[in-house]
Each structure stands twice: as C-alpha cells, then as structure tokens.
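Scroll down for the structure; my scribbles are underneath it.
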Amino acid sequence: MKWEVVIGLEVHVQLNTVSKIFSGASTAFGAEPNTQASLVELALPGVLPVLNKAVVEKAIRLGLALDATINQKNVFARKNYFYPDLPKGYQISQMELPIVEHGKLNILVGDEEKSIRVTRAHMEEDAGKSLHEDFHGMTGIDLNRAGTPLLEVVSEPDMRSAEEAVAYAKALHTLVTWLGICDGNMQEGSFRVDANVSVRPFGQAEFGTRREVKNLNSFRFLEQAIKYETQWQIETIEDGGKVQQATVLFDPDSGETRMMRSKEDAHDYRYFPDPDLLPVRISDEQIARVRSEMPELPAQMKARFVDAFGVTPYDAAVLTGSRALATYFEAVATASGQGKLAANWLGGDVAARLNREGKDIAELPIDAERLSGLLVRIADGTLSNKLAKQVFDAMWDSGLSADVIIERDGLKQVSDVGAIEKMVEEVLAANPKAVEEFRAGKEKALNALAGQVMKASKGKANPAQVQEILKQKLA
Amino acid sequence: MSLSHQDVARIARLSRIAVTDAEIDAVNRQLNSILGLIEQMQAVNTDGIEPMAHPQDVSLRLREDVVTEPNRREACQAVAPQVEKGLFLVPKVIE
Amino acid sequence: MIHATLKQLSQQLADKQVSAVELATEYLQRIDALNPQLNAFITVDRDKTLLEAAAADARRAAGSAGLLTGAPIAHKDIFCQQGWKTSCGSKMLDNFISPYDAHVIEQCQAAGLVTLGRANMDEFAMGSSNENSYYGAVKNPWDLAAIPGGSSGGSAAAVAARLAPVATATDTGGSIRQPASHCGVTGIKPTYGVVSRFGMVAYASSLDQGGVMAQTAEDCALMLNVIAGFDERDSTSLERAKEDYSRELSQPLAGLRVGLPREYFADGLAADVGRIIDNAVSELKKLGAEVVDISLPNTQLSIPAYYVIAPAEASANLSRFDGVRYGHRASEYKDLVDMYEKSRAEGFGSEVKRRIMVGTYVLSHGYYDAYYIKAQKIRRLIADDFKAAFAGCDVILGPVAPTAAFNLGEKSGDPVQMYLSDIYTLSVNLAGLPAMSVPAGFSDNGRPVGLQIIGNYFSEAKMLNVAHQFQQVTDWHSKAPAL
C-alpha cells in the first residue's frame, strides 16, 4: 500500500525583548541560575503579571507578515498543570482568542510554491529549566527562562513530507529573524519545533491518528524525526497494529522517537481566562503604526529581485534566505549593475569562503561597495574569472578595493591585441608539432596552444581574445 | 450530578492533593453537597448572555519593555525548602 | 486612649500629647493581655513595632509627619510585609517570611502607620467564621462563644476589642463586611480595582479587594485615602485621579434615595436582624432620605455562581503552593508527584482543599461550559440587576448577614450551611461594587449587627457620607465589648 504522511507544526518562537513578558526581569541568556527570576517568575504569593507592550507589537508584526487576522480583542488564559519549572502551576497563554489567526506562509518545494495555512499564533510565557545533573539524585530548577515571551505558531496539517515541513520551518525561521522579533538561535532554544505526524493510505480523506514529536531544536532533527516517525507508523499499521495518540520525544543519538505520554494520561489543562489580566485591545492605529515600521518582506523582495535584477526564482529564494543576505545582495547588485553576476558570486565564491571560515553573511569582511567594485571589473573585462578569484581572496584579507589590488599586483587582464598577437606568434613558432596536429584536424591541439599563451602571459591574457587570435593565425 | 470515589480520586490527583482512603467518604459527601448547591444555576436560562469575567469592562494596560527588576536571589531563596548552587531542588523529574 | 478613634489619635499625635512609641506600647500591652483569649493576632513582634514607632516619632520631630504618622494599625495576614511572617492563616505559609511589601503595606508605611501585628484570618481568606485558620479560631470579643465572622475575623476582633484603632482587611465574598457586622465595627470594601491587589495573597482574583475596618466611617475614609490609588503592578488596578474619600462626609442626606431590595428582606432573614435594619432605615429617613423599593431578582443565584467562580480562580491561584520555592514541603515522599500531593494535603486545611477540588472539577474537561461559563453569565445578570437598581436610587441598604454571629462550631461541619449565610454579600463582589458594614444595633442575644450600604461604582465617598451621617445620630459604633 502507498502511504501519505500528514504533518502540522507547532513552533515556539522566543521573542527578543529585553524584559520578560509579565515582569521587568531581564531575558538575557546564560546568567547565573535564578538571578533573573523576579518575584513574578518565582510566583511568590501576591505577585501579579503586567504585560510587556513589545510582545504585543512583535506578535502583530508576525501576524501582518503572515497575512493573518489580528484579533483586536484577544484574551490570556491560564493553562493549568503542575511541573517544577512552572512556578505558578499554570502557564499564562492564550486559548479561545489568540492575538493572530488565519495566516499563511508560502514555501518552495522543488520548483513548486506551496501555501501552508497558519492556524494561529498566540502569546505565552516560557517555563524554567530542569537540570538533571546529579544533585544527590535530585533535579535542580532554574527559573531564569521562566517568563520569557513566546509566540506559539501553529500550522494546519498542510505538509506532506519531511522536506515540506523543513521548508516551512525554515521559511518561518527566516521570517521571524527577518522581522527582527526573534534572534533565531536554535541552539539556545529561541526557535523550537513540535511536529504532529500521522499517516494515511494515499487517497484517503480522513487523517490518521497523530503522534506529536516534541522539542526539535534543529532542522536536521526535524527531518530525521519526521522520517523515523513516518516509517514507524507505517510499519506499525502494516504489522497489524494501531497508532495510538501520544506525545513522543526524539532522541538525536539513536535517531528514534520514544513515547513520553499516551492520550490516557494527557493533561486536563482546565483553561480559563486569566482574571489577573484584562482583554488585550489593539487599535487600528496601532496596527497601522506597526505596519509602517515593518521591513519589506522576503516574499515581496524575492519577486522584486527576479523583476529588477533578472535573477532566477531559485536564486531569489536563496538570496532572501536572510534579511542580511538580501540587503547585501541588493546593495551589490544596485551599485554594480550586475544582478546575475552578484547572485552567482554570493551563491558561489562568497558562500564557499564564508562556509569554509564558519562565518555568517553579517560577518563578511568585504562590504557591498568593495564587492561591487570587483564585479564591475569582471564585467568590463579587466579581470578574468580566475583573476577575479585571486583579487577576491586578496580583498578578503586586506580590506583594500579591487582596483587597488589589481594595480598593486599588476593583475589587469591583457586585452591589447598587439601584445597578445606577439605572444601567439612566439608560441606557434615554438610548437610546430601542435600546429601540425591542429591543421590535421585535431581540435584539442588548439587548447594546448591556448594554454601555452596563457602561461606565457602569466594568466593575464584575455582568454577569449587568445582563442580568437590563435584561430586567425592558424587559418 | 453526583461524584463517585473514582471521580474524587481523579479530581484530587489533578489538584495534587493527597486524599487518603480514610478521608475519601467525607470528601466525596461534601463535594457532592456543594455540587448540589451549584446545580441550582442550571434552572436559569442564560442563553444569549455574555459571560462576565471582570467587574470592569476595561482593556489591559501594557508596560514598556525595560528591565526594572534587580537580582534578589538571595533574599528570595532564604525561604526556599531546598537550594543548592542557586537552584531549587526537587525530587528527580522523569521525562 | 484605647477607645480613641484614628482621627482622635492623629490629633493627639499632632498635638504631641502622646508619642507613637507610647501609643504602640499601650496597644501592645493590651494585645498581650487580651490576645490569648481572642486569638486576633497571628504574629506580634514588639521590637519591630517599636522600631516603626520610633521611626514615626523621628519623622514627626523632623517635621515630615503626615496626618496619620505614628498611628497604630493591624494588618490582615494576607498582605505580604517584608520581614514579617505572612502566613495567610495557613500551615502552608507558616514558615514564609515575605521578602517584599504589598502595595497596601507600602502605602501604610509611607503614611507612617505603625504595624501592631498581623491579624488572624480564615486560611487563604476562605471562610465566613474564622474557624478555618491554622492558628485556631478567633473569638468574638462581644461573646467568646461566638464566631467573629470571616475571613477578616482577626481584623474585626482587633478593632472591636480595641487592640488596634484600625486594621486592613480583604473582601472576596463579604470578608470585610460580615466580620465587621458580627464584631460591631465599621468596614469598607471599595470598588474592585480601587485598591491594588499587588502583594495581597490571591484567593479569587476577579473578586478580591482590599479595604479597611475602624470604629467610624470617618476613620475608614482617612484610611482609604492612604491605601486606595493606582498601582502599575496590578493590571486590574484602575487609573483614576486620587480622591479624598472624606470630602462628602458632612453633606446632609436630604433627598438621598435609598433602595431596599425586596430579596434582602425575605424569608431567611432573622427577625431581630430585620428589626435592626428597619430601625436604621428609619434613622436615615429622619435625616431626609427617601426609601425606594427595588428588586435584585438574581440574589439567590449569587451563591452558586460565587461558589463556582471563586473556587475556580482559587484552584489555579493556589497551585503555586507546591513546596518547591517556599512554603511547606512534606518531610517524606516517594517522588515528585508524591511530594506535591503530600505537601499540599498537609499544608492546606480542609476548607481550602475542598474549594480547590471544587474549582478543579468545574474547570475540568467537559464541565467548563456547564459550570464556569454558566456562572459567568449569571454574574452578568447580577451586575445588570444592580445597574437597573441604581437607576432609581443612590445607595442600597440591607442586612450584611441573615443572622447575628452564630456560635463557634455551629456550622463548621456543614460547608453548604456556611455558604448560604453569605447570601447578602456575594452579589456585591460578583458585580465589583463598593459596600460597607456599619454598626446598627444588637441581636436578641446581645451580638452586634451591621447595616450594609452598597454603593454604585466609585461611590465610596457617598457611602461614607451616609455612614458618617448615620453615626452622627447613633452610637452603636462607639460601643465596646467589656473585656
């Protein structure tokens, strides 16, 4: 039987505010345990939550970027469960009236664009951390992370492969960092993914029973976990078993998922509106202001890059993979007038060197102006590709402009016809055998001769001109 | 609506309150009599009435995103049952 | 001196007839002498009190004293106070020394009021008799066999017995008015949102409201001037201009329309209490008030609605007491869940556990709409009843409780009987309105009975005016028990 996998994602996006969602405690990462847990995070008797305005505005930002409905009245609710890293015994979240609903996010699968529906995004507080290192067989609780603002972004079960799920997660990751609402640091837990996975026979309309894989903190784990879970579910059914609704954890070491709790011991969260917080009301003016402060979105920029700079949709998608890259590309393409060349360089040599050095586009030592200077010299024939790479490496290490390096190292391509003719004549005279062979119909001999000319010019001769002049002389 | 011992055990568990076998009869009886009182609500028709969560129909006030809370770990942990290296200790949490 | 009102004490302090230290010493002596039989205080700390008093005297000497600087006060043990045990009447918090001050405490400290001690109360403010305190029941100073009322029974008993001239208190379903009535003192619960709940240990967040008790309405006004006002740390605190609650005290009552809700004078009201309220209304009529017959048809439903909403909110509010960061932790347990269950079973008393379980149940899956949403709809009906009533009257008068204080132990075995006695007070909290209890007479067995004054939203000054004018022509408020 052929099976189809159905995936929906719930992503916890940590918002990059300086203070917590309900108190003035710092959200800085990595502080000494419990030094950033204020009275509110410690849930001392009598303390009360006061909502951080930046959380609301960042949520509106995402809502607008997802082309979603912003609920101008939305309500906080208490989600009740006991856990030592949840100091109040309830999490303040949103249930019936979340701030954002009915959005969508487009992803690229192969060459196909696909729209994934976003059910909702709601504001909530993060929990603290349980440290399981040995404290005489006990667990240590650090509440520094408690109260860090989160947006939980829930998709519809619209994805049909692990690749689509990863594409969606990446697109959302790009978007939240692009919007400047999340630092995107997955290692520190700023972007955590839960995947709801089920399988069904191809063509069947109803969904199968889903299992939820919790807390995937890398795209690779997301892909591995979905693939493992899909296979496991198919095998379970094919072996005559039934998939039971459950929450599972992915173990990166074994590459497998394991059961955390079954539906039977699922929580009864007893949601109800938090009486300590009144309804959040958002005015039209506030939405308009947030909208006016938003950067151009990746989807819009992508379309513009194709139109304005003639790059392929694929390249445009890569270039809008981060706001820093897109901004850099646009600056280079505009300054040099060489959109395609800029796209090739950013996707090729620049990416390769960044990758080799383990650096991010933001850490690129060559600014847009310098790189466009290089591209201009390629376009006007001053530099061959080979020379250009040499100049690029020198620029990376020196901070000098392309022109200065070309001048200093005498790397200018030789395009002077007289000079090239002279070199060609010398090479032909020195290689009568190769000339013979060419005239006897051996085309390859021409390349050998051209190579000799290039060698004689120390690589500076314009290769196209060398070919052309050689052919003239041999004709 | 009348609760069984099983219901009471479930509620006690959700509430994280131990109810011993010796107590359960009395607890069950009292909860049932309170629920009997609460049942009186069902006699009233409340169709179309908007639930009232708050005495005042006002909107939530928001605070600016600034850090105002100092580190008060020492004072706060002075009243903690068990602390080590700045962490609150609890019996092993199994995930 | 011990019978002086706050107003009189502040005058004596201003005139330097007495110092704050002398005053505190005298009250502390009286507490030492009488608290063993009354049990009105959970914590008394002579050294701390005298330090505060000395600071108040220094402030006066430096010329920076306020109106009430140096006057003593008792605080209900529900307001977190730095350095003081804040137990909320519970074993759960028996070891909890608060690391911070509630807004109400901050305001009192800023005014220079001197803390005499921490008043006893029903555990987590749940109760109408003060029998639910881990520290034992408070006795009614008028009759040691009687309950003082609850949950602010310690505050009421302290003021009645003249162990303190004023006391802070809180009211979630009548917890200021009912003990004030039973102990013969004046108490006011302001409009929800007028007094910050920051630092007030939460019972039912959408109903809880801080207030005060004193001998007179005038003293209540002075105290409200101290504790009321906007606080940004409480999201439900209302941003309103600061007002002087004593500004209308001396206005005449001519033309005042007082509404008498039929439902408050129906079956269930004890004859002696009914007579006392009738007499009080007659006094007000003599002062020029006009009586209007009104109806609050959903009064009876306030009991089930309250006993859904309050336990539901409480069940979540009390989840933080888990033995992890503060409070009671069981000494023996098998694992984490066992630690939670034992710590909470040991730390909470039976009424608190009952309400947590009721709240858990009404919120649990499948019952939420039938109970919680239904109760909130009834809450709206009750608030609408008041809205309609206030279209035709300025204040509403009635009894606070169906009977005078009952005997200790009389209802403690039957929670539902206890709940039913809250019939005249719960609606006010559900609607969020301000209300008072003013001493109005004595029952057939010699126990105090209060008159309830319910005002429209933010009409505290008007209510205090009515109460003050009543106290100009009656002397119930100045009667003290023989102890």
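The values are calculated or read from the model by the stated rules, or taken from the named source; none is laboratory data. Keep in mind that what you see is a predicted model, and the values were worked out from it rather than measured. All Cβ positions, glycine included, derive from the backbone under ideal geometry; neighbour counts span all protein chains shown.
Descriptive notes on the structure:
- Within region A:64-85, tally of residues that are touching a helix residue (DSSP H, G or I) at 6+ places or on another chain (Cβ under 9 Å) and either aliphatic (A, V, I, L, M) or closer than 20 Å to A:V176 by Cα (or both): 7
- Residue, nearest to the other protein chains (Cβ to nearest Cβ), within region A:41-64, restricted to residues that are closer than 16 Å to A:L175 by Cα and either part of a strand (DSSP E or B) or touching a strand residue (DSSP E or B) at 6+ places or on another chain (Cβ under 8 Å) (or both): A:K58
- Failed criterion for C:G398 (all others in (1) of a type outside the set (D, E, K, R); (2) within 15 Å of C:E263 (Cβ to Cβ); (3) within 14 Å of another protein chain (Cβ to nearest Cβ); (4) in contact with a strand residue (DSSP E or B) (Cβ under 6 Å, 6 or more places away or on another chain) hold): (3)
- Flag for B:R10 being within 7 Å of another protein chain (Cβ to nearest Cβ) and charged (D, E, K, R): no
- Selection within region C:328-349 - within 31 Å of the chain's Cα centre (by Cα) and either among the hydrophobic types (A, V, I, L, M, F, W, C) or more than 7 Å from chain B (Cβ to nearest Cβ) (or both): C:H328, C:S343, C:A345, C:E346, C:G347, C:F348, C:G349
- Here C:D384 meets the list (1) at pLDDT 95 or above; (2) within 12 Å of chain B (Cβ to nearest Cβ); (3) farther than 24 Å from A:P273 by Cα almost entirely, failing just condition (3).
- Residue identified as under 22 Å from C:E131 (Cβ atoms) and buried (at least 21 other Cβ atoms within 10 Å of the Cβ) among C:D414, C:D385, C:D422: C:D422
- For the residues B:I17, B:I94, B:I24, the requirement of being closer than 25 Å to A:R261 by Cβ, more than 7 Å from chain C (Cβ to nearest Cβ) and either not in a loop (DSSP other than H, G, I, E, B) or not polar (S, T, N, Q) (or both) singles out B:I94.
- Among the residues making up region A:90-114, those that are in a loop (DSSP other than H, G, I, E, B) and either touching a residue at least 40 places away in the same chain (Cβ under 8 Å) or surrounded by fewer than 19 Cβ atoms within 10 Å (Cβ to Cβ) (or both) are A:M95, A:E96, A:L97, A:I99, A:G110, A:D111.
- Residue count for region A:229-253, restricted to those that are under 29 Å from the mean Cα position of the chain (by Cα) and either outside any helix (DSSP H, G or I) or exposed (fewer than 13 other Cβ atoms within 10 Å of the Cβ) (or both): 7
- Counting the residues of region A:309-324 that are in a helix (DSSP H, G or I) and in contact with a helix residue (DSSP H, G or I) (Cβ under 7 Å, 6 or more places away or on another chain) gives 9.
- Residue in region B:59-67 that is within 30 Å of A:I282 (Cβ to Cβ), part of a loop (DSSP other than H, G, I, E, B) and facing chain C (nearest Cβ under 7 Å) present: yes
- For region C:57-77, filtered to residues that are under 29 Å from C:A125 (Cβ atoms) and not in a loop (DSSP other than H, G, I, E, B), the residue that is farthest from the chain's Cα centre (by Cα) is C:P72.
- Residue within region A:115-133 that is modelled with pLDDT under 95, farther than 21 Å from A:S38 by Cβ and part of a strand (DSSP E or B) present: yes
- Selection count, region A:407-455, where residues are under 49 Å from the mean Cα position of the chain (by Cα) and over 23 Å from A:G381 (Cβ atoms): 4
- Among residues of region C:301-327 that are within 11 Å of chain A (Cβ to nearest Cβ), those with a Cβ under 7 angstrom from a residue that is of a type in the set (K, R) and in a loop (DSSP other than H, G, I, E, B), sequence gap 6+ or separate chain, pair up as C:S319/A:K88; C:R320/A:K88; C:G323/C:R329.
- Residue within region B:41-50 that is more than 7 Å from every other protein chain (Cβ to nearest Cβ) and surrounded by 15 or more Cβ atoms within 10 Å (Cβ to Cβ) present: no
- Close pairs (9 angstrom Cβ cut-off, 6 or more residues apart or separate chains): surrounded by 13 or more Cβ atoms within 10 Å (Cβ to Cβ) in region C:235-252, among the hydroxyl-bearing types (S, T, Y) and assigned to a loop (DSSP other than H, G, I, E, B) anywhere: C:T236/C:Y192; C:T236/C:S196; C:T236/C:S205; C:T236/C:S206; C:S237/C:S196; C:L238/C:T191; C:L238/C:Y192
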